[in-house]
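The values are calculated or read from the model by the stated rules, or taken from the named source; none is laboratory data. Predicted model only: the values in this text are computed from it and were never measured. We place every Cβ from the backbone using ideal geometry, glycine too, and count neighbours over all the protein chains shown.
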Amino acid sequence: MAQGEPNHGQHVAKKKVNKLWSVCMFILVVEACERLCYYTIFNSMVNYLTDAGCDLAVKSPCHSNSTAFALRSSFRMLAYVMPFFGGYLADNVFGRYKTILYFTTAYVVGVTMMAIGALPAIVEQSTGYIVYLVGAFAFTALGTGAIKPNVVNFGADQYDTSDPEELEQQKSFFSYFYMVINIGSIFSAIWTVSIATDGVSSTGIGDGFFTALMIAAVCMTLSLMMFVLGTPRYSAESKAGVTPSGMIGCIYQHIAEGGRNGRLSLFALALLPLYLVVTLVGSLVGSNQPSILQIGSAEGITLMSIIAFVMCVVSSVILIGVHKNNDWIRPLANQGSLSAEEVQSALRVIPTIMCINIGFNVAYNGMDIYGAAACQMDVRVPDIDWLRDILLLKGGQFNGNFYSLGNNASIILAIPLLEACIFPMLKRMRGGIPVPRKAKYIAGFLLVVLANCSGILIEHVRASRPLLRCPADKIGSADCGTYDLGEPGVQYLFSHCSAGGQIPMSDINGWWTFIPYFITGCGEVLVNPIVQEFAFDEVAPRLRSLMMGFTLVAMGCVPSVITAVFSGFVPDDMNDGPVIWCYVINSAVSLILLGAYFLIAIPDKVHGPEDLLGSLASEGSTHTLSRVA
């Protein structure tokens, strides 16, 4: 062995450590802080809107529960529409570095405004409400949405893909990035959201919202500082600006000149923002619109949700069918700013993104039902003073969403296990060829369907269990009362997080919902980060942020349009409605779209052991890739 070889090995190992910890850790800390901030805002927004005051003279709530939930839905959808805008700015105007810098600054401003709107001196007046709302919708939703598609791509850009070792690390980065998201989410679930509502009482809102939102603002400021501090270590390419290319116009021209296929594609793409708007308007109108199939306490399927659903199905079917084969995209006569090959690389990923994102996340949205179901189980905190003090739960009950820790825990445990042990072992067994994405998708879909099935079983058991009667020392208090579906005159122990806080708990522990949450997380790590890596790997570099934005729209917005129809079967009271059918429909849609994916799947681009090093040596950073089914 030559004298220099050990040094080369040490250099590679050193570079590996430096790339993972000295560069990407800046980006991972940025995302962990951002997720803590986002979920603090999102999970406390309904409480703020129903507790804050809007009348300068008379302290009255700003919103009812229904309108508060509608506004929060609008906030989430806006946050998931903005990634397309942020991706365009990164690819065509500012570059990724400046886009992240500018919109993280806007994010900090927005959260700070929301915290100011929660100051005890103005929180029960219209001034606080207006400042809060402007901060949330004008700055925070824009900031979180615009950086969302860029932070993950910016981290992936730090790896030198001409180095086989760093190429493998880059693929793992997407999973570790997803893991860090859930670390940030855990802190919001068990800490800041509890702080927000801890001071609320019949006499006032207290300072809990201000404290929680200030913590969120400090975290976002730390996020911005960490991103800036990492600047000297970021690769020159990732910090470089971009030359405006008029890419949207160029993509449009490529599609428009595609004849019948092009016209169908443009029609389907035009439907996408339309059905998102219809869904948003429907959430704001709420029950003030016609509805059908009202069963029990379930409100039924609303008119606008049906309209949006039909538009969504038509748009999705056309996009999947038209872009399965993109040979109809031809070079433009005037050449254009983007080549036909670049446009094809972006359009060819649409069918997979639609099938996988919509199919998985429709079933994934079963988590919304798990939390609601848990709120009608025994959610009492053990009667241990120090534990209640640590958890900031003086009322002695968990919120049903507390058990979503199962989802976070499974992701944090599964990703290192998969990336460090299982995937490398399977790769060795396959002769050096990585586990294909298709296998990961199949496993993830089956797991999320299994989670829904476990939800059905748990709900069946819950419905058969007796209701918890009120303890003797609480009879006559606000925690207890009579219940229409129980024995006349008997007082039952109410769940604080149930609808109106007036539905009793069933005699089954809320921790049972930890199981479907946990299984969902195991499936999630095999799908969501993998499809993000797929979009990054398959799309031409100049269009990566734009298409990552499209990926996030398909992941966060489109499934919500579909589940908005099914949510009409989710009753206010689980004892009085067909909630089990929601699980069944979720699973059916998921399996149908998994089947559709088999018809349009793009074979993985992988480096086989026999050609990887040779192709890298001959092509540099342009890879000659072998395809496997």
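Go through the range 151-173 and count every residue that is buried (at least 24 other Cβ atoms within 10 Å of the Cβ) and in contact with a Pro (Cβ under 8 Å, 6 or more places away or on another chain).
Number of matching residues: 0.
Can you find a residue that is surrounded by fewer than 18 Cβ atoms within 10 Å (Cβ to Cβ) and in a loop (DSSP other than H, G, I, E, B) anywhere in the range 339-346?
Yes: the range 339-346 contains one or more residues that are surrounded by fewer than 18 Cβ atoms within 10 Å (Cβ to Cβ) and in a loop (DSSP other than H, G, I, E, B).
Quick grid of which residues meet (1) out of contact with any Gly (no Cβ under 8 Å at 6 or more places or on another chain); (2) part of a helix (DSSP H, G or I); (3) surrounded by fewer than 16 Cβ atoms within 10 Å (Cβ to Cβ):
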{"position": "Ala373", "(1), (2), (3)": "no, yes, no"}
{"position": "Leu387", "(1), (2), (3)": "yes, yes, yes"}
{"position": "Tyr403", "(1), (2), (3)": "no, yes, no"}
{"position": "Ile411", "(1), (2), (3)": "no, yes, no"}
{"position": "Leu418", "(1), (2), (3)": "yes, yes, no"}
{"position": "Met425", "(1), (2), (3)": "yes, yes, yes"}
{"position": "Val435", "(1), (2), (3)": "yes, no, no"}
{"position": "Lys440", "(1), (2), (3)": "yes, yes, no"}
{"position": "Asn452", "(1), (2), (3)": "no, yes, no"}
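Which residue is nearest to Pro83 (Cα to Cα), if the candidates are limited to the range 567-589 and must be in a helix (DSSP H, G or I) and touching a Phe, Trp or Tyr at 6+ places or on another chain (Cβ under 8 Å)? Give the derivation first.
Looking only at the range 567-589, we keep the residues that are in a helix (DSSP H, G or I), and these are 567-569, 574-576, 579-589.
Next, only the ones that are touching a Phe, Trp or Tyr at 6+ places or on another chain (Cβ under 8 Å) stay: 569, 579, 581-582, 585-586.
On the way: Phe569: 30, Val579: 32, Trp581: 33, Cys582: 29, Ile585: 29, Asn586: 26 Å.
Only one residue tops the list, namely Asn586.
Can you name every residue in the range 153-176 that is among the hydrophobic types (A, V, I, L, M, F, W, C) and over 15 Å from Glu237 (Cα atoms)? Give the steps one after another, and end with the answer.
Going through the range 153-176, the residues among the hydrophobic types (A, V, I, L, M, F, W, C) turn out to be 154, 156, 167, 173-174.
If the condition is that a residue be among the hydrophobic types (A, V, I, L, M, F, W, C) and over 15 Å from Glu237 (Cα atoms), then Leu167, Phe173, Phe174 are the ones that fit.
In the range 454-475, which residues are crowded, with 16+ Cβ neighbours inside 10 Å and either closer than 30 Å to Phe360 by Cβ or free of Cβ contacts under 8 Å to residues at least 24 places away in the same chain (or both)?
Start the filter on the range 454-475 by keeping residues that are crowded, with 16+ Cβ neighbours inside 10 Å, which leaves 454-456, 458-459, 462, 467-470.
The answer is Ser454, Gly455, Ile456, Ile458, Glu459, Arg462, Cys470.
What number of residues within the range 102-131 are assigned to a helix (DSSP H, G or I) and either farther than 26 Å from Met226 by Cα or acidic (Asp, Glu) (or both)?
7
Among the residues of the range 499-553, write down those that are without any contact (Cβ under 8 Å) to a residue 24 or more places away in the chain and acidic (Asp, Glu).
Within the range 499-553, none qualify.
Taking the conditions exactly as written (part of a helix (DSSP H, G or I), among the β-branched types (Val, Ile, Thr) and either modelled with pLDDT of 85 or more or farther than 30 Å from Ser315 by Cβ (or both)), does Ile255 satisfy them or not? Don't jump to the end; show me each part of the working.
Working: part of a helix (DSSP H, G or I): yes; among the β-branched types (Val, Ile, Thr): yes; either modelled with pLDDT of 85 or more or farther than 30 Å from Ser315 by Cβ (or both): yes.
It is true that Ile255 is part of a helix (DSSP H, G or I), among the β-branched types (Val, Ile, Thr) and either modelled with pLDDT of 85 or more or farther than 30 Å from Ser315 by Cβ (or both).
Pairs only if they're at least six apart or on different chains, beta carbon under 6 angstrom, first in the range 287-315 and at pLDDT 70 or above, second of a type in the set (Phe, Trp, Tyr); list them, first residue then second.
Ala308/Tyr275; Met311/Tyr275; Cys312/Tyr275
Name the single residue that is farthest from Cys557 (Cα to Cα) among those in the range 274-286 being modelled with pLDDT of 70 or more and in contact with a strand residue (DSSP E or B) (Cβ under 9 Å, 6 or more places away or on another chain). Break it down stepwise before answering.
At the first step, the residues of the range 274-286 found to be modelled with pLDDT of 70 or more are 274-282, 285.
The next check asks that each one be in contact with a strand residue (DSSP E or B) (Cβ under 9 Å, 6 or more places away or on another chain); those that pass are 282, 285.
On the way: Gly282: 14, Val285: 18 Å.
Going through the qualifying residues, I end up with Val285.
Could you list, in sequence order, all residues of the range 359-399 that are modelled with pLDDT of 75 or more, of a type in the set (A, V, I, L, M) and touching a helix residue (DSSP H, G or I) at 6+ places or on another chain (Cβ under 8 Å)?
Result: Val362, Ala363, Met367, Ile369, Ala372, Ala373, Ala374, Met377, Val379, Val381.
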